[in-house]
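The values are calculated or read from the model by the stated rules, or taken from the named source; none is laboratory data. It should be emphasised that the depicted structure is a prediction, and the values quoted were computed from it without experimental measurement. Note that each Cβ is placed from the backbone with ideal geometry, even for glycine, and that neighbours are counted across all protein chains shown. Please note that ligands, DNA and RNA were not included when accessible areas were found on the heavy atoms of the full protein model with its side chains. Shrake-Rupley method; radii C 1.70, N 1.55, O 1.52, S 1.80 Å.
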Protein chains: 2
Amino acid sequence: MTLRGSHPLVSGTTANAPLIAAMTGRTPSRRPVWFMRQAGRSLPEYRELRAGTDMIASCLDPAMASEITLQPVRRHDVDAGIFFSDIVVPLQLAGLDVTIKPGVGPVFGEPINTPEQVAALPRLDAAALNPIREAVRLTVAELGSTPLIGFAGAPFTLAAYMVEGKPSRDHLGPRRLMHADPETWAGLADWAADISGAFLKAQIEAGASAGQLFDSWGGSLSPADYRRYVLPSSTRALAPVKELGVPLVHFGVGTGELLADMNRAGNTVMGVDYRVPLDEAEARLGGGVPLQGNIDPALLGAGWDALREHTIDVLARGAAAPGHVVNLGHGVPPDADPEVLTRLVEFIHSVPVGADPRSFSALKEA
Amino acid sequence: MTLRGSHPLVSGTTANAPLIAAMTGRTPSRRPVWFMRQAGRSLPEYRELRAGTDMIASCLDPAMASEITLQPVRRHDVDAGIFFSDIVVPLQLAGLDVTIKPGVGPVFGEPINTPEQVAALPRLDAAALNPIREAVRLTVAELGSTPLIGFAGAPFTLAAYMVEGKPSRDHLGPRRLMHADPETWAGLADWAADISGAFLKAQIEAGASAGQLFDSWGGSLSPADYRRYVLPSSTRALAPVKELGVPLVHFGVGTGELLADMNRAGNTVMGVDYRVPLDEAEARLGGGVPLQGNIDPALLGAGWDALREHTIDVLARGAAAPGHVVNLGHGVPPDADPEVLTRLVEFIHSVPVGADPRSFSALKEA
């Protein structure tokens, strides 16, 4: 299966967008920027629209999911929409008993961690993803030449929630299981990989121009455990998407020590956490990989001067990579000021492509 | 101020204990092992003793704090007691409105993050630490030749709780403050450093033979932020303790990328998180530093064979350092099986000092 001629990337609608250019190592017409979690709680129009609607229900309402995806693109003039959904949505669509508890996160009816439970995991019916496809189609039609990024949770992160039955700090449950019963772990991780791959593939086929795999909790793993117990399933998740030929980002929080291993999963772009400077990430990856990141979200609330100085540093270090998609190094905090985000986008767009951001800064300050 | 002749380390009572030998680069009579959070929720005798007593109240009851400290030493035959307390105890003793909410953590009456609040922070009255001193004296008398390790929270971790007013995942509040208002941040961090230093110093002077500074949330910082905004205050915390001449451990979770910077704070031993193999930590530190760690707590629940294999690997990698204090790479999980911990201590003690743990393993399995 490859993309059909009507797909925005194939028809050329988004092929030369700054985001796609940077992700494929070409020179973009402006510095592309978007923000993880740009669609969501930081926006008053989001809070208004979501009022009274459960999280998963809002993800499965194509018109609402589409509108929420579009809100930050309109407001901030970012260079991509990120599809509004949640990594556990495909688990719910597969029939698992999962809800998203406000202020807590995904909560399952019961933890899923025994060999019997793993063997009995349901198959995801392809038609169950139709509300997702429909939301993507609606969104892409509105976005025009601005690319939509599809996304999915990486198998480790999905399995971590399933094994614990809820969010946890140290992810001891899944990390125990992989050592205690590697076979059950592999079964669970493969199941999650197939769900994740199908979810992401559906978004791309419906019109998203790029994809991102989020391994939110991957940073809890040692490199040895990552390589042995996690990388195979993340590779499996990306395999069916990879053959579609769109740029694929791989990102996790606190994963500085895992960058080179994560980069072997089939992605074409690496997302970098705010802790690791981009030039250092470039060195760890051995060069040649477009990078996405990594403004520290804490700086959004630290005043414009500090944010501007930090952003210039991020842009300058990002120049080491063959392509740089500007983003945060973690999601937008719920209490972020949307006006700061808009101003930040404007500033990033104002730094000419190819210019040294540091000299640009000196010019402006002179 | 230096240790007086009656101190266990000076009188020789603990000077040749395996823990102190390993921490000072001498050959221990057996492989020393203790566990972070060994005194606490994993033990039924702890849960029984604590029933009905608030956390901070139990820390301030010298007989109870002492008994809780001794419980795991008796049960597991570990090579050190770790003083039972909480990093926020000295904040409460200084007069801050802080409680420890079960299942949540430290909660403050109000967040402390304005210049006015920081300027008005109270001084810690030296006499307020008397219940701590008394608990240490009672404990040391019982421990005899087994050393007691004193501890304190690092200034960043203390300040993180104060700024947020409660536990948080990403520590955005303190990380914002250091950029938004470096002066207020420095005032807060210095205040926390002085409290932390006084708390640890009181424990050492009362008879603890070593100390550990816990920077639980240090792993949320980039190396640049750590060096600029955090290392100076951690150094300030350890300075008054350093002159007492006891071994000092510095530990934080997820701090693999900060090891070399953290090691400049005045400590003499580095604690290593479970994510970084000890031989890799040794290389990052440039050699010459005794290490503590770093069995993955997840392995405690993964079955004996997996735990044993992992432990042998940790012992083998630890041989690269000039001294190795065996520990977990994070705290004992509350649901850990105490019998597994006892068996683990017995196993670690059974591996002869100087022997290659991997060949020892082959022998045992032959």
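So which residues in the range B:290-324 are touching a Leu at 6+ places or on another chain (Cβ under 9 Å) and among the β-branched types (Val, Ile, Thr), if there are any at all?
Scanning the range B:290-324 gives B:ILE295, B:THR311, B:VAL314.
What number of residues in the range B:339-366 are buried (at least 18 other Cβ atoms within 10 Å of the Cβ), at pLDDT 95 or above and either among the small types (Gly, Ala, Ser) or touching an Asp or Glu at 6+ places or on another chain (Cβ under 9 Å) (or both)?
2
Quick check: anything in the range A:191-198 touching a Phe, Trp or Tyr at 6+ places or on another chain (Cβ under 7 Å) and buried (at least 23 other Cβ atoms within 10 Å of the Cβ)?
Within the range A:191-198, the first condition is being touching a Phe, Trp or Tyr at 6+ places or on another chain (Cβ under 7 Å), and the residues that meet it are none.
The answer is no; no qualifying residue exists.
Looking for something in a loop (DSSP other than H, G, I, E, B) and among the polar types (S, T, N, Q) - is there at least one such residue anywhere in the range B:53-73?
yes
What pairs can you find where one residue is in the range B:284-301 and within 11 Å of chain A (Cβ to nearest Cβ), the other is basic (Lys, Arg) and part of a helix (DSSP H, G or I), and their Cβ atoms are less than 8 Å apart, with a gap of 6+ or different chains?
Hits for this filter: B:ASP296/A:ARG175; B:ALA298/A:ARG175; B:ALA298/A:ARG176; B:LEU299/A:ARG176; B:GLY301/A:ARG176.
May I ask you to list pairs of residues, at least six apart or on different chains, whose Cβ atoms are under 6 Å apart, with the first in the range A:159-170 being away from chain B (no Cβ under 13 Å) and the second being open to solvent by less than 30 Å² (accessible area, probe 1.4 Å)?
So the pair list comes out as A:ALA159/A:PRO174; A:ALA159/A:LEU188; A:ALA159/A:ALA189; A:ALA159/A:ALA192; A:TYR161/A:PRO106; A:MET162/A:ILE112; A:GLY165/A:PHE108.
Out of all the residues in the range B:138-154, which are assigned to a helix (DSSP H, G or I) and not acidic (Asp, Glu)? Steps first, answer last, please.
So in the range B:138-154, the residues assigned to a helix (DSSP H, G or I) come out as B:138-143.
Selection gives B:LEU138, B:THR139, B:VAL140, B:ALA141, B:LEU143.
To keep it simple, each residue is scored yes or no on (1) open to solvent by 30 Å² or more (accessible area, probe 1.4 Å); (2) among the aromatic types (Phe, Trp, Tyr); (3) assigned to a strand (DSSP E or B).
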residue: A:ILE100; (1), (2), (3): no, no, yes
residue: A:VAL107; (1), (2), (3): yes, no, yes
residue: A:GLU116; (1), (2), (3): yes, no, no
residue: A:LEU121; (1), (2), (3): no, no, no
residue: A:LEU129; (1), (2), (3): no, no, no
residue: A:VAL136; (1), (2), (3): no, no, no
residue: A:PHE156; (1), (2), (3): no, yes, no
residue: A:ALA159; (1), (2), (3): no, no, no
residue: A:SER168; (1), (2), (3): no, no, no
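Where residues in the range B:1-25 are open to solvent by 20 Å² or more (accessible area, probe 1.4 Å) and touching a helix residue (DSSP H, G or I) at 6+ places or on another chain (Cβ under 8 Å), which of them is nearest to B:ALA355 (Cα to Cα)?
Here the residue is B:ALA15.
Can you name the residue in the range B:102-122 that is within 24 Å of the chain's Cα centre (by Cα) and touching a residue at least 12 places away in the same chain (Cβ under 8 Å) and is also farthest from B:VAL73 (Cα to Cα) among such residues?
Step one: list which residues in the range B:102-122 are within 24 Å of the chain's Cα centre (by Cα), which gives B:102-108.
Those still in the list that are touching a residue at least 12 places away in the same chain (Cβ under 8 Å) too: B:102, B:104-108.
On the way: B:PRO102: 25, B:VAL104: 27, B:GLY105: 25, B:PRO106: 27, B:VAL107: 30, B:PHE108: 32 Å.
Among residues in the range B:102-122 that are within 24 Å of the chain's Cα centre (by Cα) and touching a residue at least 12 places away in the same chain (Cβ under 8 Å), the one farthest from B:VAL73 (Cα to Cα) is B:PHE108.
Would a scan of the range A:96-112 turn up a residue that is under 19 Å from A:GLU205 (Cα atoms) and of a type outside the set (A, V, I, L, M)?
Initial filter on the range A:96-112 (under 19 Å from A:GLU205 (Cα atoms)): none.
No, every residue in the range A:96-112 fails to be under 19 Å from A:GLU205 (Cα atoms) and of a type outside the set (A, V, I, L, M).
Report whether or not B:SER42 is outside any loop (DSSP other than H, G, I, E, B) and under 21 Å from the mean Cα position of the chain (by Cα).
Working: outside any loop (DSSP other than H, G, I, E, B): no; under 21 Å from the mean Cα position of the chain (by Cα): yes.
Judged against the criteria, B:SER42 is not a match.
Determine, yes or no, whether A:GLY323 is more than 12 Å from every other protein chain (Cβ to nearest Cβ) and under 22 Å from A:GLN38 (Cα atoms).
On the way: more than 12 Å from every other protein chain (Cβ to nearest Cβ): yes; under 22 Å from A:GLN38 (Cα atoms): yes.
Yes.
Considering only residues of the range A:27-58 that are open to solvent by less than 30 Å² (accessible area, probe 1.4 Å) and without any contact (Cβ under 8 Å) to a residue 40 or more places away in the chain, which is nearest to A:ALA17 (Cα to Cα)?
Restricting to residues being open to solvent by less than 30 Å² (accessible area, probe 1.4 Å) and without any contact (Cβ under 8 Å) to a residue 40 or more places away in the chain, the top hit is A:TYR46.
Which ones in the range B:171-190 are more than 14 Å from chain A (Cβ to nearest Cβ) and surrounded by 24 or more Cβ atoms within 10 Å (Cβ to Cβ)?
If we filter the range B:171-190 for residues that are more than 14 Å from chain A (Cβ to nearest Cβ), which is where we start, we get B:186-190.
Scanning the range B:171-190 gives B:LEU188, B:ALA189.
For the list (1) in contact (Cβ under 8 Å) with a residue 12 or more places away in the chain; (2) over 18 Å from B:LEU248 (Cα atoms); (3) part of a loop (DSSP other than H, G, I, E, B), I need the number of the one condition that B:PHE84 fails.
Going through (1) in contact (Cβ under 8 Å) with a residue 12 or more places away in the chain; (2) over 18 Å from B:LEU248 (Cα atoms); (3) part of a loop (DSSP other than H, G, I, E, B) one by one, B:PHE84 breaks only (2).
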